[in-house]
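The values are calculated or read from the model by the stated rules, or taken from the named source; none is laboratory data. Every value quoted in this text rests on a predicted model; they were computed, and no experiment measured them. Heads up, the Cβs are rebuilt from the backbone with ideal geometry, glycines too, and the neighbour counts pull from every protein chain shown. Each accessible area value is taken on the protein alone, full model and side chains, heavy atoms only, with ligands, DNA and RNA left out. Shrake-Rupley method; radii C 1.70, N 1.55, O 1.52, S 1.80 Å.
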Amino acid sequence: MNIGAHYNYWVAIFLMMTGFYVVITHGNLIKKLIGLNLFTTSVFILYISLAKVRGGTAPIIAPGIEVYSNPLPHVLILTAIVVGVATTAVGLALALLIYDRYGTLEEEEIRLKDDSL
Amino acid sequence: METFLAWASTLCISIGVFLGITGAVGIFRLPNFFTRLHAASVTDSGCAFLLLFGLMLQSGFTVPTIKLCFILVFFLISSPTAAHALSKTALRSGAQPTPSPREDR
Amino acid sequence: MELIIDITLLTFLGLTALAINRIDKLFCVIMLSGIYSLLCASLFVTMDAVDVAFTEAAVGTGIATVLLLSTIGATETEQRSAPRRPLFALLVVCATGAILVYGTMDMPAFGDPNAPIHQHVAPRYVQQSQQEVGSDNIVTSILSSYRGFDTLGETVVIFTAGLSVVGLIGFRGMQKFGDRQRAAGITRDEMEQHLVLRIVIKMFIPLILLFALYVQFHGDFGPGGGFQAGVIFASGFIFYTLMFGLDAAMRVVSPRTLSYIAALGVLLYGGVGIATMLMGGNYLDYDVLRHDPLHGQHLGIFLIELGVGTTVFSVMVLIFFAFSSRKGLRQ
């Protein structure tokens, strides 16, 4: 059935778009970073949904099991998760520096205080 | 023996699910922070414990049962500690254990 | 049955995402993002991605939440401005979403075993990885052996992130222990007040570190590996820091030591590649490390997972120390 076939992908896209919306509308830097986190995690859901094989199991070889889910997207997403948290850490460090310099984390107030923008 | 274990685990899991739902409802409906914390720790201690115990009954005497046992002991010690830490911090920050008439949700 | 669990988890994910959008208090938003990561980890388990679920639970729910909380502890806890131009943004977002949904129409059905993704290189990994690499966990064998270069790049990325954070924020006020009382960590009375926490944490930290070592060395046989082990090991240290204070934690392992350990991890990984080249094979070709290709693969995977684990552990603790030594958080 069509809905059951693609439901995972549509929900992943919905979450992606929610994260996107959070990034572009809210002015607070920390909220933006959390929205970015939402975005990246929804992409992970999309990839892992692609890897699933109906009737398969986790890709750890065990006696008596014939069908395994595709392990390649799992590897790619493992890397992506850790890189995502590294990016979030650097982003938060930059947010701390911005707070030290301007005294606020709101984009509008930073724009008002900064002469060059 | 098998059917007894199956029935016992179904009973444990059902009661655990019920406790979880009541804990969640309690977090919304109760008036004060400390009463809500009590509801949340019912979920932590009662629901998680009964679910894990029901799963242990279902898997018999295998290696996953031992792992579940470890997780159970860990949960039993760490969840009440977390609730204790929360309530201690709330008490230090000024929240009152007795609900006053003007208490906001 | 699996479909119901899938649909329920996805619905909760959607509701959590909408709540993250609406709420203003940043503390609640951070807690919700932790819940979101945990729901994603559960979703990954139902979709048979156990390694990924492990990593997402450890990294997304653990480390990201801790770092976000440290940041709002040092800055401010409430979002003050209203969303700007919400209708226009909604329009853009809906248009993009519609285009993406139109793009998914051609995608294979969820769970289809005949999808193109399962036809090319994946069957070779599934069928032959046990003979070629020798480990039961196919994800570990792909991560460490077949796609070892990607993992080397990832380790360098983590190391670079640690360098960046230390370079950007640094460790304030830790160079000189001028104030002796400060250097002693938290005082006796404070420690007695937190009696329950102190005892429970002292009980748990050895178990956490032991579990991290278990995960590190059992990456071949079950879900696990260097990343998860490094993060769990780091969380043991973060636990210690939260209870006994940053000064005591920095005396256990100083930032200088951690920097050396991080560099050592990357060096170990790259060094294994150089060693294989010196023994006659290609870069990161573990077959030549020992007399027998399978033993060589085992040794190679063991060494590089060790390198990955040490780098991830030291970088996570370094980043946490850097965030915790900000003025707003020092007690």
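Does A:Val22 meet the test of being under 30 Å from C:Gln131 (Cα atoms), part of a helix (DSSP H, G or I) and either open to solvent by less than 10 Å² (accessible area, probe 1.4 Å) or within 7 Å of chain C (Cβ to nearest Cβ) (or both)?
When the stated conditions are applied, A:Val22 does not pass them.
With A:Gly55, A:Gly84, A:Gly35 as the choices, which residue is of a type in the set (Gly, Ala, Ser), over 16 Å from C:Ser37 (Cβ atoms) and more than 7 Å from chain C (Cβ to nearest Cβ)?
None of the other options fit; the residue is A:Gly55.
Taking C:Val139 as meeting all but one of (1) within 7 Å of chain A (Cβ to nearest Cβ); (2) surrounded by fewer than 16 Cβ atoms within 10 Å (Cβ to Cβ); (3) more than 28 Å from A:Phe20 (Cβ to Cβ), write down the number of the exception.
(2)
For residues that are in a helix (DSSP H, G or I) and among the charged types (D, E, K, R), scanning just the range A:25-59, find the one that is least open to solvent (accessible area, probe 1.4 Å).
A:Lys31
Test C:Leu38 against the criterion of being more than 7 Å from chain A (Cβ to nearest Cβ) and under 18 Å from A:Leu36 (Cα atoms), and give yes or no. Steps first, please.
Values: more than 7 Å from chain A (Cβ to nearest Cβ): yes; under 18 Å from A:Leu36 (Cα atoms): yes.
Criteria met by C:Leu38.
Only residues that are among the hydrophobic types (A, V, I, L, M, F, W, C), open to solvent by less than 30 Å² (accessible area, probe 1.4 Å) and more than 17 Å from the chain's Cα centre (by Cα): list them for the range C:142-156, please.
C:Ile142
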